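The values are calculated or read from the model by the stated rules, or taken from the named source; none is laboratory data. What you see is a predicted model; the values in this text were computed from it and never measured. Neighbour counts are summed over all protein chains in view; Cβ atoms, including those assigned to glycine, are modelled from backbone coordinates with ideal geometry. Side chains are part of the model used for accessible areas, which takes the heavy atoms of the whole protein and leaves out ligands, DNA and RNA. Shrake-Rupley method; radii C 1.70, N 1.55, O 1.52, S 1.80 Å.
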Amino acid sequence: MKQLAAALLVLLALPCPPRAAAAVPGAGVVALLTHADAGRGLARPELFRRMAHRSRARRRLLSAPEHARSPVVRARVRAGLGGGGGGIVTNEYLLRASVGTPPRPVALTLDTGSDLVWTQCAPCRGCFDQHLPLLDPAASSTYAALPCSAPPCRALPFASCGGGGRGRGNRSCAYAYHYGDKSVTAGHLATDRFTFGDADNAGAGGSLAARRLTFGCGHFNKGVFQSNETGIAGFGRGPWSLPSQLNVTSFSYCFTSMFGSASSVVTLGGAPAAALRGAAHVAGEVRSTPLLRNPSQPSLYFLSLHAISVGSTRIPVPAAAASRRASATAIIDSGASVTTLPEDLYEAVRAAFAAQIGLPPAGIGAEGAALDLCFALPVVAAAFWRRRAAVAVPALTLHLEGADWEMPRGNYVFEDLAARVMCVVLDAAPGGEQTVIGNFQQQNTHVVYDLENDRLSFAPARCDRLVASS
């Protein structure tokens, strides 16, 4: 807290351009979406290890004693956190946009588990390394710092304008947004022009959409961040999130495979759920389930998960007593990589896979196995796999309220032939009471959040086809 207070004091001394008011239009927009490791030329085992190691780092943080987690802002909340602190975002999928006039590129982690939209800004008093140039508010003719009297400033849990006195309402709003994994962003709240779409192809039939949005211009940003991101785009239910600011009644995303380099899109607004039926990129039935709310974690998107099937074994999911909502047993989360289960449920699922696969466990220490639900592949199995005769693995199905989410094999199984290891990509949440459905399980699935009717729709899809058709 002392570090945050010191950061705010320095921020108050930084010069800010004068404020300018502007309304945010309510129309929908489309933005480019890429996997964080796309285009790096990494082999499949290395891509998996990077994701698994990020998941392991997250698991270590969630295993820390409760007193070690900060409850300043309950953002990025994950399974096992109850009422205190938050988890981490593993920046698997990045939303591409531009900010300012002239527009400067940013790459923001798409996170349905938090609300604030922010990016690193110059001058940078303490920031993580990033590949893209820092956003310079002084170079944008449309940048405007928010005054302390602005409602977004007053609504933030931790914002400051320095000392009191006359003219306080005209001072710029300094904010600090502290995540439960000890990551922090601090800077000035501001508005500027955000441009979404493919700027390179705009003159050749591509589309661009520009909106004035409130965002955090971060001058102090420390924690679990990667050099390929510049900040976070919060997609939660709160008032500072991107869907809330755009005043849209729905949004959708379609995650491409983490092992490919193709891009996809995230859509905010329109009627995407109805458009899924019969769409060329959709490869199966469209199914829907209720989106639930939990007053203790109001920014998150909850689902009712009744059971998990591993092959013919159906494992019931107990209601989360702490949530006081018997049906709110799962969270769908774009920021978490691997789906996590409460420990008792995980052990039951783990036992079912072990019994039906019948291979010896690879052990936690196996090369590349940051997860412990792994099996040693015999040499003959690896040879068969090369001839596309993969080892038989029982089907994985999430039984939601009114819909069964049948996972394709590639969304929960990974084979490393060189290491002769096969892993089921699930993990246990220390002390968790709710399942968190991560983005590895959402690959090649078009997921639609109908905020007006509180419905989640999903369908198997060729997400890589959306860029050409958007």
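Please find the FRET efficiency linking residue 351 to residue 418, where r is the Cβ-Cβ separation and R0 is fixed at 25 Å, and quote it to the nearest 0.05. Using R0 = 25 Å, I get an efficiency of 0.35. When the solvent-accessible area of segment 88-157 is split by element, carbon and sulfur atoms take up 57 percent of it, the probe being 1.4 Å. A 1.4 Å probe run over segment 397-470, with the rest of the protein chains in place, finds 33 Å² accessible per residue.
If you plug the beta carbon distance of residue 155 and residue 390 into 1/(1 + (r/R0)^6) with R0 = 45 Å, you get a FRET efficiency near 0.30. On a per residue basis, segment 220-268 carries 24 Å² of accessible surface, using protein heavy atoms and a 1.4 Å probe. The fraction of accessible area contributed by carbon and sulfur in segment 245-308 is 55 percent, rounded to a whole number (1.4 Å probe; ligands and nucleic acids excluded). With 0.36 nm allotted per residue and the present C-alpha distance subtracted, the residue 344-residue 249 stretch has 30.5 nm of extension available.
In loop segments of segment 393-425 as defined by DSSP, there are no chymotrypsin sites (Phe, Trp or Tyr not before Pro) with at most 11 further C-beta atoms inside 10 Å of their C-beta. Shown for segment 429-470: the carbon plus sulfur share of the solvent-accessible area, taken with all protein chains present and a 1.4 angstrom probe, equals 42%. The fraction of all Cα pairs in segment 221-269 landing in successive 5 Å bins from 0 to the largest distance is 5, 16, 19, 19, 21, 16, 5, given as whole percents.
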